[in-house]
1. Ranked highest first by the average count of other Cβ atoms within 10 Å around their residues, in what order do B:176-188, B:107-119 fall?
2. I need the phi-derived Karplus couplings for the stretch A:138-153: 6.51 cos²θ - 1.76 cosθ + 1.60, θ = phi - 60°, integer Hz, Gly and Pro marked x.
3. For the residue pair A:Ala89 and B:Asp74, what label-to-label distance in nm results when each label sits 7 Å from Cα along the Cα-to-beta-carbon direction?
4. Calculate the dipole size of the stretch B:127-196 relative to its Cα centre from +1 charges on Lys and Arg beta carbons and -1 charges on Asp and Glu beta carbons; express the result in debye to the nearest 20.
5. Can you give me the long-range amide H partners of A:Arg35? Hydrogens built in the peptide plane at 1.01 Å from N, cutoff under 5 Å, separation of 5 or more residues or another chain.
6. Charges on Cβ only, +1 for Lys and Arg, -1 for Asp and Glu, centred on the Cα centroid of the stretch B:27-191; of B:Gly28, B:Thr154, B:Ala82, which one is farthest towards the dipole's positive end?
7. Can you compute 3J(HN,Hα) from phi for each residue in the stretch B:54-59, using the Karplus curve 6.51 cos²θ - 1.76 cosθ + 1.60 with θ = phi - 60°, rounded to whole Hz and x for Gly and Pro?
8. Across the stretch B:139-153, in residue order, what do the Karplus-derived ³J(HN,Hα) couplings come to in whole Hz, using 6.51 cos²θ - 1.76 cosθ + 1.60 with θ = phi - 60° and x for Gly and Pro?
Amino acid sequence: MRRFLPLLLCLAPAVAGADAGWAPLPGGEFRSVLRYEDTGGVVRVAPFELQRRPVTNAEYLAFVKRHPQWQRGKAPTVFAEPRYLEKWAGPLETGPQSRPAQPVVQVSWFAAQAYCEAQGARLPTWSEWEYAAAADATRADARSDPAWRERILAWYSVPSGAPLPDVGRTPADVHGVQDLHGLVWEWVEDHSAMLVSGDNRNQGDPDQMRFCGAGALSMDDRENYAVLMRVAMLSALEGRDTTRNLGFRCARSPQAPKGKQR
Amino acid sequence: MIPLSWRLLAVLLLALPFTGQAADALPGDSVYLLDDAFSDQAGKPFKLADRRGRPQLVAMFYTSCRYICPLIVDSAKGVEHALSPAERARLGVLLVSLDPARDDTAALASVARKRKLDPARWTLARTDAGAVRRVAALLGVRYRALADGEFNHTSALVLLDAEGRVLARTERLGPVPDPAFLAAVKAALATGAPPR
């Protein structure tokens, strides 16, 4: 019976006029786990829309059919490494190992960007993703709740060798968004802005000369391991990299806003 | 047996300057496959693929940067100074702004003038914010806009071959070039256009 509540919540924004696949998020001031020196960790997230679910194999297949330059074998290696869509049966065939409703994985940042652009959208920024991922079924920011943290951490302890579930199997959050935790890692537009990559730390002592302007970011909120793991992984990736657990969803500006603000 | 005239025709066709990408496609690992629009310090539009034909030194910077960015220009100049005049003439330098909101054509032109950057070899370029992120990804440059308008960024000089493939990169900046990087530059200039 618990499943019903999120389902109902998920219906409300759809009735309000947003496309079925998109959830409107109000945004606002948000405390990031990344404590940037210049902002003290508080980021301002403007209202935006986020795809309710990660992009699926079926949706990505439709995209590469319309945009052949992104088919496996045609996408240049400078934009997508050789493992791009490796598990698909063929360039235009997802095959038995990749069900249509599973999230698409083994896509590079460049490919994910191109997909979103083709939908008139973009990848979410890290701040947008982190803000969205702070929600649970009833709260926009559930992060201080130890139960929330434990639930999320439980997923990270599941071995990653098992086949991925289909999208849409986890309960919708208060915004009507699903699968931000518990399914795949997700690309963000500015993953390379996190500046905590291994090459920064491997220098021995921090090399100030590598940075223009003062300050680098440091991580706050050490108990939020789940999100910190995302940061560590995303910041270590190059734009052409792909992994078997890394997918994406798109974001966009609010569509047809109602004239209530003024 | 194919008649000689046909073979001659085929040779002639191959020798024609390429008119479309199918005729002379870039290699799949070329940075020049990025199709975004750029403009230079004179406001002239260009695409990265227009840089084809000679090796390039590429870096990212922004004009209001006080600390490291002048050092990036110094570093590229340092490489140039270590080359013979003939070598220098075969190397292009491309600096792409991280800050398209403020680095307009006039700002780029001002830096080119103040730093006495010869437009025959040096291009200071701007593009839109999305393309900046893509160029940075291709070059392995990481950056973040700060609240005060400055940027945090890693600084690298990247050497591209005549086809836009990354040959070498260095994060050792300064007027005295990184010896290994300089050797790569000299090697690239010695071989000219590598085989496709």
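Each reported figure results from applying straightforward, stated rules to the coordinates on display, with no laboratory input. Computed from a predicted model, the values in this text were never measured in an experiment. Reconstructed Cβ throughout: ideal geometry from the backbone, glycine too, with neighbour counts over all protein chains shown.
1. B:176-188, B:107-119
2. Result, rounded to whole Hz: 10, 10, 6, 9, 9, 5, 7, 7, x, 5, 4, 5, 5, 4, 5, 4.
3. Inter-label distance under the simple model: 6.1 nm.
4. 240
5. A:Ser218, A:Met219, A:Asp220
6. B:Ala82
7. With the stated coefficients, the stretch B:54-59 comes to 9, x, 10, 9, 10, 8 Hz.
8. 8, x, 9, 10, 8, 8, 6, 9, 4, 8, x, 7, 10, 8, 7
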